[in-house]
Amino acid sequence: MESNRNNNSNPNKKPEGGDRPKSSIGTALLITLVIVLLFSWVLNAMEKSQYTQTTYSDFLAAMDANQLAEVELRTDRILYMTKEEAAKDPSQQKACYTGLPSGGDTMALAEELVAMGVKVNKQIVEDNSMIMMILSYVVMIGGLFLVMNMLTKRMGGEGMMGGFGKSKAKVYMEKQTGVTFKDVAGQDEAKESLQEIIDFLHNPQKYTAIGAKLPKGALLVGSPGTGKTLLAKAVAGEANVPFFSISGSDFVEMFVGMGASRVRDLFQQAAKVAPCIIFIDEIDAVGRSRDNRFGSNSEQEQTLNQLLSEIDGFEPSKGIVCLAATNRPEILDKALLRPGRFDRRIIVDRPNLQGRLDTLKVHTRKIKLSEDVDLRKIAQATAGAVGADLANLVNEAALRAVRQGRKAVNQEDLLVSFETVIAGTEKKNTVLTDMEKRLVAYHEVGHALVAALEKHSQPVSKITIVPHTSGALGYTMQMPEEEKFLNTAEELRTELRTLVGGRAAEQVVFGVQTTGAANDIQRATALARNMVSQYGMSEKFGLMTTASVQNQYLDGQAYMDCSQETAAGVDQEVMRILDQAYADAKRILTENRALLDEISEFLLVKETITGDELMAYVNADKYQLPAPEEAPEE
Ligand code: ADP
Ligand code: ZN
């Protein structure tokens, strides 16, 4: 399956690579020594426990009394067994040991003992024992060192088996990525910008003949999962050149100097096989600004400096093109973005409706689809999803089809897996009390009804009170009829009323407030705050902006950018807008209380109802449709 194949071959997860700095050899040596010392200490201790310690005079006394059965002369001690012990059962025998007096002549002692008929252990007596011991230690240390060296090499350095493609080298190289632009759906502008690079890799002479310099690098900027890695691979695939990839976070290591040497190594390897593409994922991990505002460290700085000098160093005519990906371009060091480095910025956007449809088509190419599948509907429902989400969705649908023993994926599989991706899998065993269930039902119908009764709202497609693993006890799904890029102030106010509609229903019907509305309230507050501080939609501040967006490609969070008093004023205004929305929602629900009750009871029985079923209730003309502007305030 497409999505699987791509995920598995994601190069960034493959570790390894680089010149090994001295420090790791030192580590291997140290570890070896420690192991050897420990080992000999343990051996010593084990041996000692088998013998009883005696004095040298005890030994001489036993010798004089002709009590000795067996003696072993070592360089540092004498081991011996008395005849009494030797007569015992072997498992009961206990030998003795005693120190050897310094300057004692072991040879003479041995001869004397042999003459007495005592069994003397000869191999030790031959006085090369010292040499043997040293030799064996040397061999052991050498062997261990080799093993340790290999281990640390595996962990931190280039593998020993040659090609870095096969070994676990940190730098991951693919001779051919096998990915082309056909595998990347949408992203036409990005592809167009990259086309030039492909052309350059095909035919560098064409450019150098005129004296044109091509950019050495391009920065792919976009949210996670939008296909930046995929695009970079496709460039390599289209140009038919090798693809090196490494993640920025791989550079940043525990040991200072490691990152810099990895960078050097990466460019050396690349130079050997140029033309080629070097892809650095998450470049913000190394490339973050050195001004310390976001906290940097010397290792990262050193790595960044090395990267800059490597980029400056290579000849553009060689045909190395450096692509990097990030979702936080604003924290990158300015030096990286200078002309001649990553001066091209290619935006990889979240896909629009057509882009999502194309992505779904790409990922369903190798999947058997049954006739009822309507990918356009799925694309419509997935506004805001990125390529990776869609790939995941298709795969989930296929898995579901297999689980249910079908031969092809149908529309229901896709819809269900869409919900799985969005709301977690359905969890039927969360036990709610009857009262809780009623509350959840009214809460959800509150959202849905406010939305359904307004003219600027997105149509409701589904309401459910089946709990999901994500923790939601129920949810109301709204599906836009068409893709929208702009929202009017009125639409946003409608959305606010819809968001607080759940809490309003709890209040109107039961007179209680539950924790279930927490997420709604959070979202409503965030929206209201944006209306005031960024969209210029409040009466109080008019067109003045009081916050600015910092990292637009991640969470898009905005930071207050105004005086303390103004910030307090913003809070007041946000509160006023929310209060207004809440009052409106309560009014709408109170005016349509009968409808609210009826739909909620229906939902309690059916647990899941569709948008059409909801609208059938709403459109039965016995209910009054709201005219919010003229309606009297409560
Ligand atoms: P990023 O590097 O931007 O985080 P990836 O390139 O790793 O995202 O994308 C992850 C996966 O999502 C890809 O392997 C691919 O299966 C899917 N994907 C993302 N964008 C697209 C796209 N435009 N067309 C097809 N598949 C896509
Ligand atoms: Zn809610």
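The values are calculated or read from the model by the stated rules, or taken from the named source; none is laboratory data. Just so you know, these numbers come straight off a predicted model, no measurement behind them. Positions of Cβ are generated from backbone atoms using ideal geometry, with glycine treated the same way; all protein chains shown enter the neighbour counts. Please note that ligands, DNA and RNA were not included when accessible areas were found on the heavy atoms of the full protein model with its side chains. Shrake-Rupley method; radii C 1.70, N 1.55, O 1.52, S 1.80 Å.
For segment 483-502, which positions are closer than 20 Å to residue 589 by Cβ and β-branched (Val, Ile, Thr)?
Of everything in segment 483-502, those that are closer than 20 Å to residue 589 by Cβ and β-branched (Val, Ile, Thr) turn out to be 494, 498, 500.
Return the pair list, or none, for Cβ contacts closer than 7 Å from residues in segment 232-245 that are closer than 17 Å to residue 189 by Cα to residues that are in a loop (DSSP other than H, G, I, E, B) and polar (S, T, N, Q), at least 6 apart or on different chains.
As it stands, the answer is 233/177; 234/180; 238/180, since those pairs meet every condition given.
Residue by residue through segment 217-241, note down the ones that are more than 8 Å from ligand 1 (Cβ to nearest atom), touching a helix residue (DSSP H, G or I) at 6+ places or on another chain (Cβ under 6 Å) and open to solvent by 20 Å² or more (accessible area, probe 1.4 Å).
Once the filter is applied, which keeps residues that are more than 8 Å from ligand 1 (Cβ to nearest atom), touching a helix residue (DSSP H, G or I) at 6+ places or on another chain (Cβ under 6 Å) and open to solvent by 20 Å² or more (accessible area, probe 1.4 Å), segment 217-241 yields only 238.
Please specify each residue of segment 524-547 satisfying the condition of being assigned to a helix (DSSP H, G or I) and in contact (Cβ under 8 Å) with a residue 40 or more places away in the chain.
Answer for segment 524-547, where residues must be assigned to a helix (DSSP H, G or I) and in contact (Cβ under 8 Å) with a residue 40 or more places away in the chain: 524, 525, 528, 529, 531, 532.
Tell me the residue from 467, 459 that is in contact with a helix residue (DSSP H, G or I) (Cβ under 8 Å, 6 or more places away or on another chain) and either modelled with pLDDT under 90 or within 16 Å of ligand 1 (Cβ to nearest atom) (or both), please.
Result of the check over 467, 459: 459.
Give, as residue ranges, the helices (runs of 4 or more DSSP H) completely inside segment 1-106 that count at least 2 residues that are out of contact with any Asp or Glu (no Cβ under 8 Å at 6 or more places or on another chain) and modelled with pLDDT under 80.
Because the criterion is at least 2 residues that are out of contact with any Asp or Glu (no Cβ under 8 Å at 6 or more places or on another chain) and modelled with pLDDT under 80, the helices (runs of 4 or more DSSP H) in segment 1-106 that meet it are 2-8, 22-50.
Matching residues to (1) away from ligand 1 (no atom under 16 Å from the Cβ); (2) closer than 18 Å to residue 459 by Cβ; (3) out of contact with any Asp or Glu (no Cβ under 9 Å at 6 or more places or on another chain); (4) of a type in the set (Ser, Thr, Tyr):
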{"site": "485", "(1), (2), (3), (4)": "yes, no, yes, no"}
{"site": "488", "(1), (2), (3), (4)": "yes, yes, yes, yes"}
{"site": "496", "(1), (2), (3), (4)": "yes, yes, no, no"}
{"site": "505", "(1), (2), (3), (4)": "yes, no, no, no"}
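On the given criteria, is residue 416 within 15 Å of ligand 1 (Cβ to nearest atom) and touching a Lys or Arg at 6+ places or on another chain (Cβ under 9 Å)?
In short, no.
Could you check, for segment 288-307, whether at least one of its residues is within 16 Å of ligand 1 (Cβ to nearest atom), under 26 Å from residue 260 (Cβ atoms), assigned to a helix (DSSP H, G or I) and touching a residue at least 40 places away in the same chain (Cβ under 8 Å)? I'd like the intermediate steps shown before the answer.
Taking segment 288-307 and keeping what is within 16 Å of ligand 1 (Cβ to nearest atom), we get none.
Within segment 288-307 (the criterion being within 16 Å of ligand 1 (Cβ to nearest atom), under 26 Å from residue 260 (Cβ atoms), assigned to a helix (DSSP H, G or I) and touching a residue at least 40 places away in the same chain (Cβ under 8 Å)), the answer is no, since none of the residues qualifies.
Do the conditions hold for residue 204, that is, is it within 16 Å of ligand 1 (Cβ to nearest atom), touching a residue at least 60 places away in the same chain (Cβ under 8 Å), at negative phi and out of contact with any strand residue (DSSP E or B) (no Cβ under 9 Å at 6 or more places or on another chain)?
Taking the combined requirement at face value, the residue does not satisfy it.
Out of the residues in segment 161-198 meeting the condition of being more than 17 Å from residue 323 (Cβ to Cβ) and assigned to a helix (DSSP H, G or I), tell me which one is modelled with the highest pLDDT.
182
If I go through segment 359-376 residue by residue, how many of them are within 16 Å of ligand 1 (Cβ to nearest atom) and among the aliphatic types (A, V, I, L, M)?
Residues that pass the stated criteria total 4.
Which residue pairs have Cβ atoms closer than 7 Å, lie 6 or more positions apart in sequence or on different chains, and pair a first residue in segment 502-523 that is without any contact (Cβ under 8 Å) to a residue 60 or more places away in the chain with a second residue that is more than 9 Å from ligand 2 (Cβ to nearest atom) and open to solvent by 40 Å² or more (accessible area, probe 1.4 Å)?
513/507
Enumerate the pairs (first residue in segment 352-371 and in contact (Cβ under 8 Å) with a residue 60 or more places away in the chain; second residue anywhere and loosely packed, with under 14 Cβ neighbours inside 10 Å and part of a loop (DSSP other than H, G, I, E, B)) with beta-carbon separation below 7 Å, excluding pairs fewer than 6 apart on the same chain, so at least 6 apart or on different chains.
From segment 352-371, the pairs are 352/483; 353/483.
Could we say that residue 511 is at pLDDT 90 or above, more than 30 Å from residue 566 (Cβ to Cβ) and small (Gly, Ala, Ser) here?
Against the criterion (at pLDDT 90 or above, more than 30 Å from residue 566 (Cβ to Cβ) and small (Gly, Ala, Ser)), residue 511 qualifies.
Is it true that residue 232 is away from ligand 2 (no atom under 16 Å from the Cβ), within 24 Å of residue 313 (Cα to Cα) and either outside any helix (DSSP H, G or I) or in contact with a Cys (Cβ under 8 Å, 6 or more places away or on another chain) (or both)?
no
One line per residue, one yes/no per condition, for (1) within 42 Å of the chain's Cα centre (by Cα); (2) modelled with pLDDT of 80 or more; (3) assigned to a helix (DSSP H, G or I):
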| position | (1), (2), (3) |
| --- | --- |
| 124 | no, no, yes |
| 127 | no, no, no |
| 133 | no, no, yes |
| 145 | yes, no, yes |
| 148 | yes, no, yes |
| 152 | yes, no, yes |
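Go through segment 438-459 and give me each residue that's of a type in the set (Ser, Thr, Tyr) and either surrounded by fewer than 23 Cβ atoms within 10 Å (Cβ to Cβ) or outside any helix (DSSP H, G or I) (or both). Break it down into steps so the answer makes sense when it comes.
Pass one, segment 438-459, residues of a type in the set (Ser, Thr, Tyr): 442, 457.
Across segment 438-459, the qualifying residue is only 457.
For segment 312-352, which positions are part of a loop (DSSP other than H, G, I, E, B) and surrounded by 15 or more Cβ atoms within 10 Å (Cβ to Cβ)? Full working, then the answer.
Start the filter on segment 312-352 by keeping residues that are part of a loop (DSSP other than H, G, I, E, B), which leaves 314-315, 319, 327-328, 333, 338-343, 348-352.
Hits for segment 312-352 are 314, 319, 327, 328, 333, 341, 342, 348, 349, 350, 351.
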